[in-house]
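Coordinate-derived values only; no laboratory data. Everything numeric here is computed off the predicted structure, so don't read it as measured data. Every residue, glycine as well, gets a Cβ built from its backbone with ideal geometry; the counts of neighbours run over all protein chains shown.
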Amino acid sequence: MKTFLAWLGGLLTCGAVLGGVEMTTESSGSETLDRMRQCALDNQMTVYSICEIKDGVSRTVDIVPSSNCHNCYSVAKVFVVTAIGILEDRGLLSTEEAVYPIFAGRFPENFDPKWKEVKISDLMRHRVGFEHGFLDIDCENISEYESNDFLAIVLGHPLKYHPGEKPVYSDAAYYLLSRIVTEKCGRKLDDFLIDEVLRPMNFREYAFSKCPHGYPVGATGLYVTTTDMAKIGRLYLQNGVFNGKRILSERFVAKALGTFELGRVDDGGYGKAGMLGQYIYLNPRDNRVIAIHSYNGDIGKLMKCVNSAATK
């Protein structure tokens, strides 16, 4: 009890009040993080934590007190891409193989024949052929769907466009990738990621949102600490190696960057945003990773602090 009170007292004596919430202001040891924290304070952003990994040194600043783990929303898709990459490295799948044979016999009788043209890479690039996004558990009331079988919902969905023709962002594509992981290796996505990525990379805590049948949603619903979320950026920054252990091939990293979720940003780095102000960023030029957990934090303003520090 004394230890907890001492910690609480320390937090309150080095804080700044924003909207009734105590925010930490002690030095992080990183000019970039201090700039980002001050930006959050000045603009009254609810930013929980920011982690920077610069030249292999990881530092995290906690701004608004909160729980250890947060939903990283669509940043979870980077973890799904990583799982697919590991399976491709092991020869268990190809990103250019067709989806239809993987689920043969599980499509409904009147399924759209264009599904036979869909490749795994189309799912990863959101070029399935959907007219609109769907199966978003963060925004939709899933109980309103006619079925609680997410796989049947996706495979029975009509395709307006030919696969590869038009990008339409949809969480349904990444739920299907979650199920493909299981079909290819016999393990659910969460078990696979825990064994092959999270434990080898020393993740502290984690949790996964799942569908009614117990399969991870994939597209969202991964709860991790900000410090740990930054590690996925470090894995790609280091061409698939983390602390001397190869997890992902250099070949797949080169193929994924700028193509599968981690898109190019204006400064030459790569980034992936999640709903309500989550972000993962890496830049090989200055050997830096940034991870942000927030509630509606202005990512553009926060990242200007990174760019201004990098050009000094």
Region 271-283 - phi-based ³J(HN,Hα) in whole Hz, Karplus 6.51/-1.76/1.60, Gly and Pro as x: x, 9, 9, x, 4, 6, x, 9, 7, 10, 9, 9, 9
In degrees, nearest ten, helix 2-13 long axis to first principal axis of the chain (Cα): 80
Two-site label geometry, ALA98 and ASP286: point separation in nm, points 7 Å out along Cα→Cβ: 4.8
Region 206-221-region 56-121 distance, computed between alpha-carbon centres (Å): 12
Summed side-chain charge close to ASP228 - residues other than ASP228 whose Cβ falls under 12 Å, Lys, Arg +1, Asp, Glu -1: +3
Electrostatic dipole magnitude of the chain [Cβ: Lys, Arg +1; Asp, Glu -1; Cα centre; debye, to 20]: 840
Per residue Cα convex hull volume in Å³ - calculated over region 109-243: 131
Proximal charge balance of CYS39 [Cβ under 12 Å; K/R count +1, D/E count -1]: +1
Proxy reagent accessibility, fewest Cβ within 10 Å first, across GLU88, GLU96: GLU96, GLU88
Mean residue ellipticity (222 nm) of the chain, computed from DSSP H runs ≥ 4 via -39,500 (n - 2.57), nearest 500: -9500 deg cm²/dmol
Residue (of GLY91, ALA104, ILE280) at the positive-pole extreme of the chain, dipole from beta-carbon charges: GLY91
Amide proton proximity set for CYS211, modelled H, under 5 Å, gap of 5+: VAL217
Folded to 0 to 90 degrees: helix 226-237 orientation relative to the chain principal axis, Cα: 60
Equivalent ellipsoid semi-axes - Cα gyration tensor, the chain, angstrom: 36, 21, 18
Angle in degrees between helix 76-89 and the longest Cα principal axis of the chain, rounded to the nearest 10: 60
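How much length, in nm to one decimal, is gained on full extension between GLN38 and SER147, taken as 0.36 nm per residue of separation minus their Cα-Cα distance? Write down the numbers at each step before the final one.
On the way: separation 109, 0.36 × 109 = 39.24 nm, distance 4.74 nm.
Between GLN38 and SER147, full extension yields 34.5 nm more.
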Calculated from backbone phi, Karplus (6.51, -1.76, 1.60) coupling profile of region 55-72 in Hz, x at Gly/Pro: 6, x, 9, 9, 9, 10, 10, 9, 9, 8, x, 7, 5, 5, 9, 9, 5, 8
FRET efficiency, TYR169 to ASP55 (Cβ-Cβ, R0 35 Å, nearest 0.05): 0.55
Candidates GLY56, GLY105, GLY129, ranked by Gaussian network fluctuation over the chain, Cα under 10 Å, top entry: GLY105
